[in-house]
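To start, the structure under review is shown below, and the notes come after it.
Values quoted throughout were computed directly from the atomic coordinates according to the rules given, and no laboratory measurement underlies them. Not measured: the values here are computed from a predicted model. Here Cβ is always computed from backbone atoms with ideal geometry, including for glycine, and neighbour counts include all displayed protein chains.
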Amino acid sequence: MYRFLIFLLLCMMSHLVYAIQIKPVKDNRTVLVNISSKEQSRLFVYNDRISTVRGLDGAYDIKKDEKQGDIYIKPSLYYQHKAFNLFITTEAGHTYNVLATPLDIPAETIELKPLSPSRIIASRWEKNSPFAQTIINLINAMLNETNPDGYAVVSLGKVKPKRLSNCLTMRLLTLYQGDQLQGEIWLIKNESKVNARVQPRDFYQDNVVGASIQNEELKPNDQTLLYRVVGYDD
């Protein structure tokens, strides 16, 4: 009996841990989220803090966690079955239009994941060190899977590989978007039956300002990661 109760408790805890909506969103775009019609739903922005929230008066009740920068939102009685908008601004300068649809579901956590960089903060990070050191810092951030201040990290999912030669292909995995710099993580694969050698200089084209390869010697069917930095001005 006790074992069954422990198993049931673990299942409930597992449900709570995974009850989260992750919503990638760009600045000034509308993102659709589902919230509980009767309970407080938590909403936060990844690696950022919510500063202001505006919306239709009387549509919802809201509480803000001043320490974490999160909000807890619950629709009013009249809006338990009606969608409403929230206009959110963050401390990093992001702005989002959240269209919240109340449903008869348990409260969930909603994570807004920025797909746009905070240009002012990213620019400050890029200029905080000499240019060469900034390139090294960005490559190290990609190696260690950390976010430089103000950067948006975008995982691209399934992207068609580009063929470099008869034996090598490269596929873009992740972008690190800043102000004047963009980091790129590529998957390099040797599809031949013989060994292949790749070097960072092989990938210096266009506006590439830095590159590093995890493993320069590739056996047949081996793959490695290329970390590349591109300079741009838009």
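Annotations for the structure displayed:
- Residues (surrounded by fewer than 17 Cβ atoms within 10 Å (Cβ to Cβ) and of a type in the set (Ser, Thr, Tyr)) located in segment 96-108: Thr101
Matching residues to (1) surrounded by 12 or more Cβ atoms within 10 Å (Cβ to Cβ); (2) under 22 Å from the mean Cα position of the chain (by Cα); (3) in contact (Cβ under 8 Å) with a residue 24 or more places away in the chain:
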| site | (1), (2), (3) |
| --- | --- |
| Gly150 | yes, yes, yes |
| Gly157 | no, yes, no |
| Ala196 | yes, no, yes |
| Tyr232 | yes, yes, yes |
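- Considering segment 135-148, the residues that are closer than 15 Å to Gln182 by Cβ and without any contact (Cβ under 8 Å) to a residue 60 or more places away in the chain include one that is surrounded by the fewest Cβ atoms within 10 Å (Cβ to Cβ), namely Asn137.
- Exactly one residue among Asp70, Asp57, Asp48 is surrounded by fewer than 15 Cβ atoms within 10 Å (Cβ to Cβ) and either on the phi < 0 side of the Ramachandran plot or more than 24 Å from the chain's Cα centre (by Cα) (or both), and that residue is Asp57.
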